1. Among the listed residues A350, A306, A328, identify the single one that is exposed (fewer than 12 other Cβ atoms within 10 Å of the Cβ) and modelled with pLDDT of 95 or more.
2. Somewhere in the stretch 14-27, is a residue modelled with pLDDT under 90 and either closer than 30 Å to A292 by Cα or under 35 Å from the mean Cα position of the chain (by Cα) (or both)?
3. Looking at the structure I just gave you, is R85 within 17 Å of the chain's Cα centre (by Cα) and surrounded by fewer than 20 Cβ atoms within 10 Å (Cβ to Cβ)?
4. When the stretch 246-273 is examined, which residues are found to be part of a helix (DSSP H, G or I) and either more than 24 Å from V214 (Cα to Cα) or touching a strand residue (DSSP E or B) at 6+ places or on another chain (Cβ under 8 Å) (or both)?
5. Looking at the stretch 260-275 only, could you name the residues that are surrounded by 15 or more Cβ atoms within 10 Å (Cβ to Cβ) and closer than 20 Å to V220 by Cα?
6. Would you confirm whether any residue within the stretch 54-69 is assigned to a loop (DSSP other than H, G, I, E, B) and either touching a residue at least 60 places away in the same chain (Cβ under 8 Å) or open to solvent by 60 Å² or more (accessible area, probe 1.4 Å) (or both)?
7. Please determine whether any residue of the stretch 233-241 is surrounded by fewer than 24 Cβ atoms within 10 Å (Cβ to Cβ) and touching a Ser or Thr at 6+ places or on another chain (Cβ under 6 Å).
8. Check G213 against each of (1) open to solvent by 10 Å² or more (accessible area, probe 1.4 Å); (2) touching a residue at least 60 places away in the same chain (Cβ under 8 Å) and name the one condition it does not meet.
Amino acid sequence: MIAVRRFFAIIVLVAIFAGGAAAAAVWLGWARMHEPYRNYAGSEQFVTIRQGAGSAEIGRRLAAAQVVSDARLFRAALLWTGQGRNLKAGEYRFDRPLSPFEVIDVLVRGEVYARRITFPEGLTIEEMSKLYESHDFGSARAFVTAAKNVERIKDLDPDATDLEGYLFPETYALPRETPASRLIDAMVDRFRVVYDDRMRARAVADGLTARQGVTLATLVEKETGKADERPIVAAVYRNRLKIGMAMQADPTIVYALEKAHRYDGNIRREDLALESPYNTYKYPGLPPGPIASPGKASLEAALFPADVAYLYFVSRNDGSHVFARTLAQHNANVRKFQVDFFRQQRQLEARQPRQSRRR
């Protein structure tokens, strides 16, 4: 079979270079199949190979794009390699001279051009949409619109009104001009892989719906970035739920303010009375839905929390938190790490101008 393919390749070469003797034609064609070629004007050239395209069409596209010098020469090289059925569809980027054989290798390996975009843990749909637009993949509006398609998650969360919480934060490689809907589908698919049968079974065993489990995970995600704290923070909220204690989670206030277009980077005392179902200072239990996109570690922590009796925690102002079982302990921690800490900071700031004047 290989001999037959190569025989036909030789015939094609002779047909291409029929002006000379047959042996010379074959030699010249063979040499040109190994000769790097590039004749497109810019620094790069993109060629799209459609699904189901035949070798003749592929050769014509490559020749029209000046990636190869001659479509027939490309087909001759393809016949010689026997890779005609192994070329992958997709968009390819060429930026250097390549021989027909090298072009075939690129298409066989399926080196489809893709750009990467990374969504960190803890972003909202709105924040993700701005990142999507800033990377020139498309408009933020298109991303937000695509994230309203809840059909992909209805079996897990029939109450979902958008895909908040279900767009898994990760790095995605996208071909150019990928529609937002395809990226959203990939993000939901990835979430469904991570939120596996073990997590689903644990949620059911604990009497939690998928929506409640994911919502709890988003609180954990927004409260701490420290891996060792996530199961403890989750335990605090789980313990509060058990005794009917308010969540009093600041990230839910931020989310409510953002939805009302009122968040300026600070939470004020009056914000704790904000009329919103997401205000966990005002309304008991979990907020009505996820407030961000949790990573795997936060999902794990929410469903497999630490075995601790803590009910309170407060920031140490260094990215970590101190935990307490009683309100008295918590108030002492607040006094130390918030009241006293910021009083000392203000005192230091007040001294600095005087010290500067003395110099």
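The values are calculated or read from the model by the stated rules, or taken from the named source; none is laboratory data. All values reported here derive from a predicted model rather than from experimental measurement. All Cβ positions, glycine included, derive from the backbone under ideal geometry; neighbour counts span all protein chains shown. SASA here: full protein model, heavy atoms, side chains in, ligands and nucleic acids out. Shrake-Rupley method; radii C 1.70, N 1.55, O 1.52, S 1.80 Å.
1. A328
2. Checked against the condition, which is being modelled with pLDDT under 90 and either closer than 30 Å to A292 by Cα or under 35 Å from the mean Cα position of the chain (by Cα) (or both), the stretch 14-27 yields no hits at all.
3. Considered against the rule, which asks whether it is within 17 Å of the chain's Cα centre (by Cα) and surrounded by fewer than 20 Cβ atoms within 10 Å (Cβ to Cβ), R85 comes out as no.
4. Hits for the stretch 246-273 are R269, E270, D271, A273.
5. Result: I267, single match.
6. no
7. no
8. (1)
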